[in-house]
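Have a look at this one before I ask anything.
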Number of protein chains: 4
Amino acid sequence: MTGEAQVETVTATTTARPDGRTIRVGIIGGSGYTGAELLRLAVGHPNLELVTVTSNSQAGKRLDKIHPHLRGAPDEVRALKTVPHDAATAADVDAVFLAVPHGRAMAIAPGFVERGIKVLDLSADFRLRDPAAYPEWYGAEHTAPGLLGGAAYGIAELHRAEYPGAALVSGAGCLATTAILSLMPLLRAGWVDTSRIVVDGKIGSSAAGVESNPGSHHPDRSRAIRPYSMTGHRHTAEIEQELTFDGPRPEVHMSAHGIELVRGILTTSQLFLTQEHRDATERDIWALYREAYGAEPFVRIVKERTGVHRTPDPRFLVGTNVCEVGFERDERSGRVVVIGALDNLTKGAAGAAVQNLNIVAGLPETTGLSTVGLYPAP
Amino acid sequence: MTGEAQVETVTATTTARPDGRTIRVGIIGGSGYTGAELLRLAVGHPNLELVTVTSNSQAGKRLDKIHPHLRGAPDEVRALKTVPHDAATAADVDAVFLAVPHGRAMAIAPGFVERGIKVLDLSADFRLRDPAAYPEWYGAEHTAPGLLGGAAYGIAELHRAEYPGAALVSGAGCLATTAILSLMPLLRAGWVDTSRIVVDGKIGSSAAGVESNPGSHHPDRSRAIRPYSMTGHRHTAEIEQELTFDGPRPEVHMSAHGIELVRGILTTSQLFLTQEHRDATERDIWALYREAYGAEPFVRIVKERTGVHRTPDPRFLVGTNVCEVGFERDERSGRVVVIGALDNLTKGAAGAAVQNLNIVAGLPETTGLSTVGLYPAP
Amino acid sequence: MTGEAQVETVTATTTARPDGRTIRVGIIGGSGYTGAELLRLAVGHPNLELVTVTSNSQAGKRLDKIHPHLRGAPDEVRALKTVPHDAATAADVDAVFLAVPHGRAMAIAPGFVERGIKVLDLSADFRLRDPAAYPEWYGAEHTAPGLLGGAAYGIAELHRAEYPGAALVSGAGCLATTAILSLMPLLRAGWVDTSRIVVDGKIGSSAAGVESNPGSHHPDRSRAIRPYSMTGHRHTAEIEQELTFDGPRPEVHMSAHGIELVRGILTTSQLFLTQEHRDATERDIWALYREAYGAEPFVRIVKERTGVHRTPDPRFLVGTNVCEVGFERDERSGRVVVIGALDNLTKGAAGAAVQNLNIVAGLPETTGLSTVGLYPAP
Amino acid sequence: MTGEAQVETVTATTTARPDGRTIRVGIIGGSGYTGAELLRLAVGHPNLELVTVTSNSQAGKRLDKIHPHLRGAPDEVRALKTVPHDAATAADVDAVFLAVPHGRAMAIAPGFVERGIKVLDLSADFRLRDPAAYPEWYGAEHTAPGLLGGAAYGIAELHRAEYPGAALVSGAGCLATTAILSLMPLLRAGWVDTSRIVVDGKIGSSAAGVESNPGSHHPDRSRAIRPYSMTGHRHTAEIEQELTFDGPRPEVHMSAHGIELVRGILTTSQLFLTQEHRDATERDIWALYREAYGAEPFVRIVKERTGVHRTPDPRFLVGTNVCEVGFERDERSGRVVVIGALDNLTKGAAGAAVQNLNIVAGLPETTGLSTVGLYPAP
């Protein structure tokens, strides 16, 4: 959350930004929810200058007429009018965020890449390395397979070293990010039987986007605990890709559920230790997580022994770029239960993209991103 | 839900009940949420006469001052005052419902059994057959182990044949009922690898009872998706017990979550088919479920191909005695995802107890119980 | 809520209904939310036989494919297929419920009236006595003004004496019913300054109907406290009409708000006593309400001094045909605060229509209607 | 919302704050919800240095063990341990926030005032100018009446000019702030009949504080629309005080309702224009509001003609220091409906206190405060 006060600060420091730099950015697809969140983050970011925002469905409208939270943004943002996507192709920008539907980003990205503009994608179009995976999981051939080799997968905690050489940085699925970050330490260590990893995902309604439909109708969606993609969830592909280390590709069995939440994800994963590591204690596992995330600004281990707030909780992460991870060792068996939580629009989408841009642009990785949420949660 | 009109019907038929019979009942522990639900069902049941209701914490209060829904009950119920538990020991009743905390039912039940009064327990005290399981799962020795042999486990769909000879009918855990009924057909058929059954439970706040505490405080509990008993959930013991058929005891790995719901449970279970049954199709599985539940009045298979309401949904089961079950076969692997849903206070507690009493008393099993919920759900 | 058990009872009594009578009914407009509630009530009503259900938008579909709660209805209801409205005009029925949009009922009703079929309207088309009020409040001329004289306004507590001679019984607005029933005793007594009656209405999302739209989109509608019709709410017309007694027509100033609820209404009204009655005490006001509603089965005065449940509460009225009313006298001024609550789909629509049919058909007024809700509320 | 990134910025600018100044602050009462919000704002404020935080109920605990959102705060805040209130009396601070219960602040404040420490109160203890009002509205004599004359009422938009000479700046009630800011322009202009101002307040559960009780128990509080203080609400006193301009003290008739929201208030007020101003148009009223608030950074007029977001909405103000106001003129009568909205913990408490401190300390008024909320709202 950013505001006029911070905007003043921004204004005040325009002539003297922390590192003296301005990144001129465009948002391609600014009328959806990830666009709304990108705009919020851009307003609060000291180094970003918002040059253009596009929308085909709401072209020509002022931003504060599209997004009610921008009523409090500085006038130059409030009054900015969206232009159609095509109008942005020649914009004088250093970087673009692509917040467009799957299938569309692969059509748009090449033009920007060719012009040397940094591309931060939020769609699914560049997440999978294997071109053959797109028809399998997304039902259509990839139309820009040449870019796949130069794309880095957009979870900085795993791939930031690749960003400098990358032509673009992909998005990462919101459920996928939660699952990957929470499971990675145990998988990377090779302690887990990779043949049966179960992930139960719970997700808020904003993940389904800004368009109303019978499934989002309040009398039916309210208080729902609604299974969807019980099998075959598309994020499975990127989770398996990213959790493949030295051994075989793991088999991830995910089921997702819409829950009574607007922003937020919680994943509950069930892992079984290999025979070799069957005796691993909670302390041992803790050490793995500390090693993986001790220095990460945006991954937090949550595991309290007392009180109400013992486990990762998406409600306290709203608007932050933090992924919380936690776990519990089952003493009766070789099981470990792993919990992950984040805000699907921030760390699960727009926040991660800003984090990625910070790295690409050589700014401190945490610039303009928050780690302190709201308590009590709204 | 029952009302004055139905009460009129009841009154009208008092002299000529459907089968000419009246069962005089007592509710031991009437001030909690399961007590509230038992009272609602008793008001609408044509054969039950409410003789006594006890409460130690709210002794001497009129029922309509304890439970706001009873403001609409007939005067003889509204104005009934609770008595302390001890005052009920000599009540002239045919049957008692025990809606008291775990540990207390085992102290109270023997007295009623000795007097030949039918006992419908709602606690955990008589669910496990093995006396040694109580210290393991509930942390204390069983004080009436002699009754365990004569207790039938209270899921009628599995054990109704044992009821006539049973000294008492136990309760069944609400999460356990959902898991057991949804998993039973596949387990009984022996199609499932029993070594790694994963159950992810989601449950409303009423399951934690009527007493307020920091965990139930609205600003913290609202919109929660809160893991609890990630390992070691007590209902695991009865699920494993009840899902043991010809083969070895299955290993059930359950994690539970409090969700933004007051009444309702949804379980998502992940099963893996044995090598032998790896080729089972959805049609094959459907046949198993039809065979198991086709004649059951209170178990419904829900599996739609289109629309918003494709899977079991606890919201439309509120106040009904129905458990909905559904499943999806993963075509990529040997996995089957199984969904179960019910109202934890009705089919998960009070409704099941009334169903059990109907059987014990020789009434039609469905008497006084509902299968049509509310849509749109409140 | 009704169920298989009750259905069994119904079946059992088909040959011997309480009064030996069967009313053959049709539901014109069965695919919306009031249709869903009418169907639920019809299933549980011992004297109703459901002959035909119409829907233009979902013609030809089985009822249990339209409404998920009917999955538990008896087979003859579950499997009933809707027909287009026109196909019902010649149906052999004793009575029809019109659950169609405003403007449409006035086109359909005359045909049924001419055939001597009892019409229970749920729309706004016959609520106002003055034909000139329709263009003013609903923006169109009335097309069947000849029927207005023979229409009784559908709040039985005020108009049941007129029903026997009426050609049809109108619907009553859900917010209007809440306001009228809660305010009537004070207005009828003439104790209130009628020049400035303020009504603040709060209402759940089901009142806006079954069709999704941007205003019903879950991420935006969730947790809303959204003012709408702050001035000019259409129900104002019928409230003013029905609260006109000996004196001048009162001026009712209503503002409505969508709240986080699916089913339910609460109205908070601010009244100011006339100089003559300025000294009226809470006891005096209580006497007025007792006199008005002491014998009414479906209006309940709620005014507790202690506990959490002191005032009318729509959550405990879900699915019941009850309107709760309460009040508080402001000792600092001549003000009285009046609260009303009900379920907009039951007492605010379908339940009231069934109550009206019971009267019209000479059945006990409470037949098939409930007064005991759910606690804890779902 | 502030975070590690911003904290870095803070750290980075510690040696070069915007105006080179550091305000050393203490929070007296840091374990409640307003304390939690003060801490969040303090972490993100570039000029505040948190010296001490007190709590009697949770003395000696680390802040991040009390408040889950502070897990993401910088280490010096996370690890700070609370001390008992008494231990703070000699703290070396420039200013203190008093976030203690009513009655307690009047005991604590004098000690700080005497030492020349700026006091920003959040309690009700210094809101009313007339000492006789405290026994009337709060049931007890004021124990520091000598301080009342030197206290400025803490709504900066009305009283900021008094702050420099004030010994302390009081809190302002959260409902009172919403009502006062939304009604002020019309009242100050003298256009309104002050004899019957009706305010209907809707408020989230966080306003009742951090302690659980039967009224906050989730199964009962969830989805509530619960009237409370229907008459005699304590904030009435300060609303009437602050809306008294040239004419007589207005009569404010308020009723409050708990709603399904954690953070947020919406007030709906019904005003009637005087005969003289009966012809005022929406345009005229708009001019009054523009004049009053056009230059205010934290009051925003919201009045859209189209779309879903036409009126003030507390959901998009969560965590911001903004109060939104809007209105609608009733063309049928002399009525004006006025809407106000804010976050009770921010603009209704902690944010307003920070705004007040900024003024007192001579900082830009908007420092460290946000005007851009979250959309979609969590």
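Could you please find all residues in the range C:313-329 being facing chain B (nearest Cβ under 10 Å) and either assigned to a loop (DSSP other than H, G, I, E, B) or out of contact with any helix residue (DSSP H, G or I) (no Cβ under 6 Å at 6 or more places or on another chain) (or both)?
Matches in the range C:313-329: C:D313, C:P314, C:R315, C:L317, C:V318, C:G319, C:T320, C:N321, C:V322, C:E324.
Would you mention how many residues in the range C:163-185 are open to solvent by 30 Å² or more (accessible area, probe 1.4 Å) and touching a residue at least 24 places away in the same chain (Cβ under 8 Å)?
Adding up the residues that qualify gives 2.
Also: Contact list please: Cβ distance under 9 Å, first residue in the range D:288-306 and on the phi < 0 side of the Ramachandran plot and of a type outside the set (F, W, Y), second residue open to solvent by 100 Å² or more (accessible area, probe 1.4 Å) and outside any helix (DSSP H, G or I), pairs at least six apart or on different chains.
So the pair list comes out as D:V302/D:R310; D:K303/D:R310; D:E304/D:R310.
Filtering the range D:275-287 down to residues that are among the hydrophobic types (A, V, I, L, M, F, W, C) and touching a residue at least 12 places away in the same chain (Cβ under 8 Å), which residue is most open to solvent (accessible area, probe 1.4 Å)?
Going through the qualifying residues, I end up with D:W286.
So, one more: State yes or no: is A:D75 modelled with pLDDT of 95 or more, acidic (D, E), farther than 29 Å from D:D313 by Cα and open to solvent by 20 Å² or more (accessible area, probe 1.4 Å)?
no
Also, I was wondering about something else. Looking at A:R188, A:R160, A:R221, which is the one that is crowded, with 24+ Cβ neighbours inside 10 Å and either within 12 Å of chain B (Cβ to nearest Cβ) or in contact (Cβ under 8 Å) with a residue 40 or more places away in the chain (or both)?
A:R221
While we're on this one: Tell me which residues, restricted to the range B:283-312, are within 14 Å of another protein chain (Cβ to nearest Cβ), of a type in the set (K, R) and within 18 Å of B:D330 (Cβ to Cβ).
Of everything in the range B:283-312, those that are within 14 Å of another protein chain (Cβ to nearest Cβ), of a type in the set (K, R) and within 18 Å of B:D330 (Cβ to Cβ) turn out to be B:K303, B:R305, B:R310.
What single numbered condition from (1) free of Cβ contacts under 8 Å to residues at least 24 places away in the same chain; (2) surrounded by 14 or more Cβ atoms within 10 Å (Cβ to Cβ); (3) more than 16 Å from A:L168 (Cβ to Cβ) fails to hold for A:I66?
(1)
Additional query: Please work out which one of (1) more than 14 Å from chain A (Cβ to nearest Cβ); (2) more than 25 Å from C:K118 (Cα to Cα); (3) open to solvent by 10 Å² or more (accessible area, probe 1.4 Å); (4) not aromatic (F, W, Y) is the condition C:I197 fails and give its number.
Just one mismatch for C:I197, condition (3).
Kindly provide the set of residues from the range C:225-234 that are facing another protein chain (nearest Cβ under 7 Å) and open to solvent by less than 20 Å² (accessible area, probe 1.4 Å), ordered by number.
Residues satisfying the conditions are C:I225, C:P227, C:M230.
Are any residues in the range A:264-283 outside any loop (DSSP other than H, G, I, E, B) and either within 14 Å of A:V338 (Cβ to Cβ) or in contact with an Asp or Glu (Cβ under 6 Å, 6 or more places away or on another chain) (or both), and if so, which ones?
Within the range A:264-283, A:I265, A:L266, A:T267, A:T268, A:S269, A:Q270, A:L271, A:F272, A:L273, A:E282 meet the criteria.
Right, here's the next one. How many residues are buried (at least 24 other Cβ atoms within 10 Å of the Cβ) and farther than 13 Å from A:V210 by Cβ if we restrict to the range A:48-63?
4
Just to be sure, is B:D86 closer than 21 Å to B:T22 by Cα, over 22 Å from the mean Cα position of the chain (by Cα), charged (D, E, K, R) and loosely packed, with under 13 Cβ neighbours inside 10 Å?
So B:D86 fails the test.
Residues are listed down the side, and each one gets a yes or a no for (1) in a helix (DSSP H, G or I); (2) under 24 Å from A:G201 (Cα atoms); (3) touching a Cys at 6+ places or on another chain (Cβ under 7 Å):
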| residue | (1), (2), (3) |
| --- | --- |
| A:S333 | no, yes, no |
| A:V338 | no, yes, no |
| A:A349 | yes, yes, yes |
| A:A352 | yes, yes, no |
| A:I359 | yes, no, no |
| A:L363 | no, no, no |
| A:G368 | no, no, no |
| A:A377 | no, yes, no |
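In addition: Could you list all residues from the range C:287-308 that are in contact with a Phe, Trp or Tyr (Cβ under 9 Å, 6 or more places away or on another chain) and in a loop (DSSP other than H, G, I, E, B)?
Within the range C:287-308, just C:K303 meets the criteria.
Do you know which residues across the range A:246-270 are facing chain B (nearest Cβ under 10 Å) and more than 22 Å from the chain's Cα centre (by Cα)?
Within the range A:246-270, A:E251, A:Q270 meet the criteria.
Out of the range C:330-351, which residues are closer than 30 Å to C:V100 by Cα, more than 9 Å from chain D (Cβ to nearest Cβ) and either of a type outside the set (G, A, S) or open to solvent by less than 10 Å² (accessible area, probe 1.4 Å) (or both)?
Within the range C:330-351, C:G340, C:L342, C:D343, C:N344, C:L345, C:T346, C:K347, C:G348, C:A350, C:G351 qualify.
The values are calculated or read from the model by the stated rules, or taken from the named source; none is laboratory data. It should be emphasised that the depicted structure is a prediction, and the values quoted were computed from it without experimental measurement. Positions of Cβ are backbone-derived with ideal geometry, glycine not excepted, and every protein chain shown enters the neighbour counts. Each accessible area value is taken on the protein alone, full model and side chains, heavy atoms only, with ligands, DNA and RNA left out. Shrake-Rupley method; radii C 1.70, N 1.55, O 1.52, S 1.80 Å.
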